[in-house]
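Asks: One structure follows; several queries about it will come next.
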Amino acid sequence: MNKHSINSLVWLLFICLFITNSGEAAIKDAESASHGTDASQYQIVDTYKFNGYELVQINLPVLSHYSYILISEGKSLIVDPGRDVQFYVDLIKEKNLSVDGIFLTHSHADFVAGHTELVKLYNCPIYQSAKSGAEYKIEPIADGSNLQIGKAYIQFIDTPGHVLDGTSAIIGPTKDLPELILTGDFLFVGGVGRPDLVTGTTSSALAGMLFDTWVEKVSKLPDSVKVFPAHGAGSLCGAHLKDQPFSTIGEERTSNPTLQHKNRSEFITAVLSELQEPPQYFGHNAAMNRTGPPLVNWDETVSILKPEASLTDFSKNYIIDLRDSSLFAAGHILNSVNIALRGRFETWTGIMVPWGSNTIVCGTTDEIKEAAHRLHRIGYTAKGLVFDEWAKADMQLLKNKLISPRELYDQMQANTNPIIVDVRLPSEWMGLRIGTVLNLPLNKLSELSNKLDVSQPVVAVCNSAYRSSMAIGILERRGMKNATSLEGGSEAWIEAGFPVYGSEQAGASASTQIRKMIALPERICARELKRLMMDLPGTFQIVDIRPKEMFDDYSIPGSQNVDIVEIVSNPSYLVETSPLIIVDRDGSYAMAIGGILSQKTSRPIKVLYEGLESYWMESDFSGTSVPMNATTPQIQISPPASSSTPAAPSVTQPVTKKKSAGC
């Protein structure tokens, strides 16, 4: 066995171990990532230094919300603040700053903004588009308006598309030296804003505005300009958002999947095809932000209710159980729904709880206090109900026995399993599931569950058991007496080593599905890749996972430099249908990454056999330079980062080889 075969075997073993022992990472999503203990708190991502000013980026992970403080010479401008403003107040005090204004990129729909709260404290102006329809006092800005904050020159430009009044801010030391752009929800890292949230304007018309704004305005900026959006991965305001806090115009120009559509009609079609139904609370939050959110008494004590059986009438009350899924299963109030504090509590409340409901949050006194505070972020108010008091009053409790992955798998083998309902989105279900399961998305479960016989046992499944635990309460409201959840979700299932399936198994029977499967990437040699590049350009995606300095030294034409962590964690690489070709120095790391991705998607994954070393050697260079002609493969020497468009070598111009493939 040669050295390469041994290396390949080692990597295959690594992949198998990864699937068996670290399967949890294979389906980690933005939902699971927001379950940390500090995800509900505002956090400073970083402070970015520029010429005479700095930008503080602030993240609220449970809402995937980025806000900012622009600082120069002791002055500050607060951008897109959240409603609970104490974090900003403390930071302003710590840095001994004056607040010279608030800039709202638009009337946000996914959270209630803190502009009225800050104006009360600082009596500062609100800079907002004259087209916003704001019912509070603003300093109206128009396309081309400017503002000076210390040494920071700010030029406002209209960027409609997500909404009609979208506004971005180009910032630099002078008008002619732009260094960054605050894009709001117009442009994200890896995506664009959804165009379906404006009443009275068609989504296709707004998607067309997105295209025009990008082509005619924003794309004209230098590639080096940094892009700072209002949201990151997990936000429902766009699709394909990457889990990185900022980007550049150049990076978005070359890697943002939506911006690759150069045809206006194709761009509109792509944007519209990615839309999921917006949460019902979005319209209400946008309206609150336009009218001016009422001030909140943040020190007010939550009203605590006494245990009464009438509270379980879900036609009059909506009880949210704040505890984790295991505690909910051990005993919960009739007709309550488990929306645990540990996750995207605000968003899921806004999705599941009808606007204007008499909302009751149930848990410990500390959990109730936290929940009431966080609900103000999306415009909800709530009363409290202490769970222990309910239990002490000997009031009715329902219990569920969570089913472990082993127990469910054994039942599936014996054909005695309950009906399995996957409550994730259809795209998640198609990409990865545990067997023959029924897909009833959680946001539609209440109406779709009429397909189920209430007398039959049902087990709900999602990635981490957060959503499936929520489903228990919804199914019980339908009258189901035997509804439960997969303990630990699909993450626990994969960690236990049980099989998962992709879209190719959608029509297969249970008997053919229950078997161990390991999907592996296809290996492609250098000559095959070159034939693809010549005969079928534009039908595949090449990602180069080497370090950036190596990529800059030498790369395959049309390839994209992607960090290993990014390609493994970003779901946007899983949803395309065209082949994904992974390249590295010698094929080793690429094979490992290809194996990991092959477990998560039905997208064709290919790996360049023996890597760029093979590609380089097969180029058959005899010297330090080579004329480019029809029979000689082209070499791309990557341009400096400041170049607006990569320049391809002329077919007659010699190209100098620098180092050995950057290897």
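The values are calculated or read from the model by the stated rules, or taken from the named source; none is laboratory data. Fair warning: this is a prediction, and the values are worked out from it, not measured in the lab. Cβ: placed from backbone, ideal geometry, glycine included. Neighbour counts: every protein chain shown.
Asks: Which residues, counting only those in segment 261-280, are more than 24 Å from GLU428 (Cα to Cα) and of a type in the set (S, T, N, Q)?
Replies: Going through segment 261-280, the residues more than 24 Å from GLU428 (Cα to Cα) turn out to be 261-266.
Once the filter is applied, which keeps residues that are more than 24 Å from GLU428 (Cα to Cα) and of a type in the set (S, T, N, Q), segment 261-280 yields ASN263, SER265.
Asks: Given SER72, SER67, which one is at pLDDT 95 or above, buried (at least 22 other Cβ atoms within 10 Å of the Cβ) and farther than 22 Å from ILE378 by Cα? Walk me through how you get there before you give the answer.
Replies: On the way: SER67 fails: farther than 22 Å from ILE378 by Cα.
When all the criteria are applied, what remains is SER72.
Asks: Identify, by number, the condition in (1) at pLDDT 95 or above; (2) surrounded by 15 or more Cβ atoms within 10 Å (Cβ to Cβ) that GLU274 doesn't meet.
Replies: (1)
Asks: Inside segment 136-163, can you point out the residues that are assigned to a loop (DSSP other than H, G, I, E, B), closer than 23 Å to ASP212 by Cβ, in contact with a Gly (Cβ under 9 Å, 6 or more places away or on another chain) and not β-branched (Val, Ile, Thr)?
Replies: PRO160, GLY161, HIS162
Asks: State which residue is nearest to ASN417 (Cα to Cα) when the search covers only segment 438-449 and only residues that are surrounded by fewer than 21 Cβ atoms within 10 Å (Cβ to Cβ) and in contact with a strand residue (DSSP E or B) (Cβ under 6 Å, 6 or more places away or on another chain).
Replies: LEU438
Asks: Could you grab me the full set of residues in segment 119-135 that are more than 18 Å from ASN285 (Cβ to Cβ) and assigned to a loop (DSSP other than H, G, I, E, B)? Quick ask: steps written out before the conclusion?
Replies: Restricting attention to segment 119-135, the residues satisfying the condition of being more than 18 Å from ASN285 (Cβ to Cβ) are 119-125, 127, 130-131.
Within segment 119-135, ASN123, CYS124, PRO125, ALA130, LYS131 qualify.
Asks: When the residues of segment 536-584 are narrowed to those that are farther than 20 Å from TYR609 by Cα and either assigned by TED's automatic domain parsing to the domain that holds PRO245 or free of Cβ contacts under 8 Å to residues at least 60 places away in the same chain (or both), which ends up nearest to the chain's Cα centre (by Cα)?
Replies: Per the stated criteria, the residue is TYR573.
Asks: Right, ARG406: among the basic types (Lys, Arg), surrounded by 20 or more Cβ atoms within 10 Å (Cβ to Cβ) and either part of a helix (DSSP H, G or I) or not assigned by TED's automatic domain parsing to the domain that holds PRO61 (or both) or not?
Replies: no
Asks: Does LEU259 fit the bill of being surrounded by 17 or more Cβ atoms within 10 Å (Cβ to Cβ) and either under 24 Å from ASP143 (Cβ atoms) or free of Cβ contacts under 8 Å to residues at least 60 places away in the same chain (or both)?
Replies: Numbers: surrounded by 17 or more Cβ atoms within 10 Å (Cβ to Cβ): yes; either under 24 Å from ASP143 (Cβ atoms) or free of Cβ contacts under 8 Å to residues at least 60 places away in the same chain (or both): yes.
The answer is yes for LEU259.
Asks: Report yes if TRP348 is assigned to a loop (DSSP other than H, G, I, E, B) and under 21 Å from TYR281 (Cα atoms), otherwise no.
Replies: No.
Asks: For residues that are part of a strand (DSSP E or B) and not β-branched (Val, Ile, Thr), scanning just segment 360-394, find the one that is nearest to ARG83 (Cα to Cα).
Replies: LYS383
Asks: Follow-up. So, in segment 83-124, of the ones that are among the hydroxyl-bearing types (Ser, Thr, Tyr) and under 17 Å from GLY379 (Cβ atoms), which residue ends up surrounded by the most Cβ atoms within 10 Å (Cβ to Cβ)?
Replies: Only one residue fits best here, namely SER107.
Asks: Does ILE351 satisfy the criteria of being under 29 Å from the mean Cα position of the chain (by Cα), outside the structural domain of CYS237 (by TED's automatic domain parsing), farther than 18 Å from ALA393 by Cα and buried (at least 24 other Cβ atoms within 10 Å of the Cβ)?
Replies: No; evaluated as a whole, the condition is false for this residue.
Asks: Something else now. Give the residue, chosen from ASP313, ASP388, that is surrounded by fewer than 23 Cβ atoms within 10 Å (Cβ to Cβ), over 16 Å from GLU476 (Cβ atoms) and among the acidic types (Asp, Glu).
Replies: ASP388
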